[in-house]
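Presented below is the structure to which this report refers.
The values are calculated or read from the model by the stated rules, or taken from the named source; none is laboratory data. Being a predicted model, the structure only gives us computed values, none of them experimental. Cβ coordinates were reconstructed from backbone atoms using ideal geometry, including for glycine residues, and neighbour counts include every protein chain displayed.
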């Protein structure tokens, strides 16, 4: 038996619904249709009345989730594409993220953002918005890179008493498979060493972890041993694990699929440079998507975001510095 | 109504004396409508007020002390000095603490009502109040449509006080009356003279009952005039003097007083004693809160998450 990243997300939601009567799912096309990506396939049938189609109203969808959370429910919200969450942005960052701090009433909502590029997605179906949500206080931002994490972190997201932005990567939906669902997981907020190496650290998250692992494989044939850190959650950011890795390797390359200005890669580098400057044998490097909207054509798209090829080039450059 | 007016006047005085951080927003001229919303709700209902709803809040059960503590920034208030003035509430008691993007509160009420339906609670209603300005926002459209699709017991009250800050209604919407929109959303709509307490009580009572009885969302549009600035920093010089002199410009408190006298439900002595009772209550609360002092930044935990172990807090001072 094998299970895909997408199936893991569906299974996690099925288990959350089965285990906790406070859980319900609300979003566009999530009901009988089973979701645009089939992440809620058969859930409406399996859990009658608890998987609800919403009108195309991202603002009202998130607002209603906050209201339900105030009443003690644990809604899971599917934004059909991460790109569309900007229509509900105000409710996420001003309503959900401020509720606990202002009123002491926790806001346990999970907002699933199908993120990242797929071939032909174009400017409005390909965005990675984790950085903009991480910027706001009051949100937890998860970016699972593996089937196991997609499953266990989504369950954890539902269990957490705070709003969680769950950035699931669409490119991994069908590409990534595991033998079985996990029975245990690292705690939320802990990064994972995805591969050990002594020559440099590549910090990545979400789909970029797999590009980084491919690079590590390739550079190993050139006698360069790359350590890959999978951040898992970008907020909170596990600075300790990153710092410990840099202490071992002395070199740091951060890779993110989102845009370069601000964001996860700059945050990681800022933390390492300010607190671990003495650990570095070379200037820390980073690689992001280009500072344009995400292009439609596959050949433009492949050049827009970091790939194993561009990451390998950056890594070879870093080893010479 | 009277207590709200006196409380508001005290806040205005404190503002002029430099005793309040930030703005002060009064309900002058809107108390009849506001109080009618508050008294139409029962314990267990939900209330998302607008910024001029001191009367409705008091009728719903908010204490004068909570209002004063929030305006004066007492750490003992419901917002613990983290938020101020009209941004106060106790969500677990059904009183929502508004964010500034007021239209965004309606869908929160919807979600609370949806949760109650999940849990088999069907006899409570939720009221959300907005001004005519908020009706131009997408959030209001989304939320009213959502409430209608879900057939929720929502009462949406629009206080059309003719000006959204300085913008008059002819620059805000182009339909004859906002109540016309009810049919487009598939909800019941009612208009009311917002200066007339008896009329407001009747219309809000009816709308709230209809919602409670399962007839879906109710839209109530009240016409009235704001008899003050947007906030106390604003002299409202833009308000058309003809509106002030029209029936819409009459003070709802005077109208209510006449109604009570006409029906002989109260006499001048009653008004006098109500007034002195209200003044004493407000003064007592203010002097108590003024002795409480402000928040201590060193005792603040600076954690935005309830899950303390998940706070990032890196580089925070």
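If I filter the stretch A:83-105 for residues that are free of Cβ contacts under 8 Å to residues at least 60 places away in the same chain, within 11 Å of chain B (Cβ to nearest Cβ) and part of a loop (DSSP other than H, G, I, E, B), do I get at least one hit?
yes
What are the pairs, 6+ residues apart or on separate chains, where a residue within the stretch A:157-185 that is in the same structural domain as residue A:129 (by TED's automatic domain parsing) has its Cβ under 6 Å from a residue that is surrounded by 24 or more Cβ atoms within 10 Å (Cβ to Cβ) and modelled with pLDDT under 95?
Close Cβ pairs satisfying both conditions: none exist.
Take the residues in the stretch A:106-117 that are assigned to a loop (DSSP other than H, G, I, E, B) and crowded, with 24+ Cβ neighbours inside 10 Å; name whichever of them is farthest from the chain's Cα centre (by Cα).
A:107
Residue A:177 versus (1) surrounded by fewer than 21 Cβ atoms within 10 Å (Cβ to Cβ); (2) in contact with a helix residue (DSSP H, G or I) (Cβ under 6 Å, 6 or more places away or on another chain); (3) within 19 Å of residue A:207 (Cα to Cα): which is the lone unmet condition?
Going through (1) surrounded by fewer than 21 Cβ atoms within 10 Å (Cβ to Cβ); (2) in contact with a helix residue (DSSP H, G or I) (Cβ under 6 Å, 6 or more places away or on another chain); (3) within 19 Å of residue A:207 (Cα to Cα) one by one, residue A:177 breaks only (2).
Output the number of residues of the stretch A:159-174 satisfying the condition of being touching a helix residue (DSSP H, G or I) at 6+ places or on another chain (Cβ under 7 Å), more than 13 Å from every other protein chain (Cβ to nearest Cβ) and either surrounded by 19 or more Cβ atoms within 10 Å (Cβ to Cβ) or closer than 17 Å to residue A:132 by Cα (or both).
So the count comes out to 5.
What do you reckon, is residue B:39 closer than 21 Å to residue B:19 by Cβ, at pLDDT 95 or above and touching a helix residue (DSSP H, G or I) at 6+ places or on another chain (Cβ under 8 Å)?
In short, no.
Of the conditions (1) in a helix (DSSP H, G or I); (2) within 11 Å of another protein chain (Cβ to nearest Cβ), residue B:128 fails just one. Which one is it?
(1)
Could you please let me know if residue A:143 is surrounded by fewer than 21 Cβ atoms within 10 Å (Cβ to Cβ) and more than 11 Å from every other protein chain (Cβ to nearest Cβ)?
no
Going through the stretch B:140-158 one residue at a time, which ones are in a helix (DSSP H, G or I) and crowded, with 24+ Cβ neighbours inside 10 Å?
B:140, B:142, B:143, B:144, B:146, B:147
Filtering the stretch B:62-92 down to residues that are outside any loop (DSSP other than H, G, I, E, B) and within 10 Å of another protein chain (Cβ to nearest Cβ), which residue is farthest from the chain's Cα centre (by Cα)?
B:92
Can residue B:178 be described as crowded, with 18+ Cβ neighbours inside 10 Å, touching a residue at least 40 places away in the same chain (Cβ under 8 Å) and within 25 Å of residue B:5 (Cα to Cα)?
So residue B:178 does not fit the description; no.
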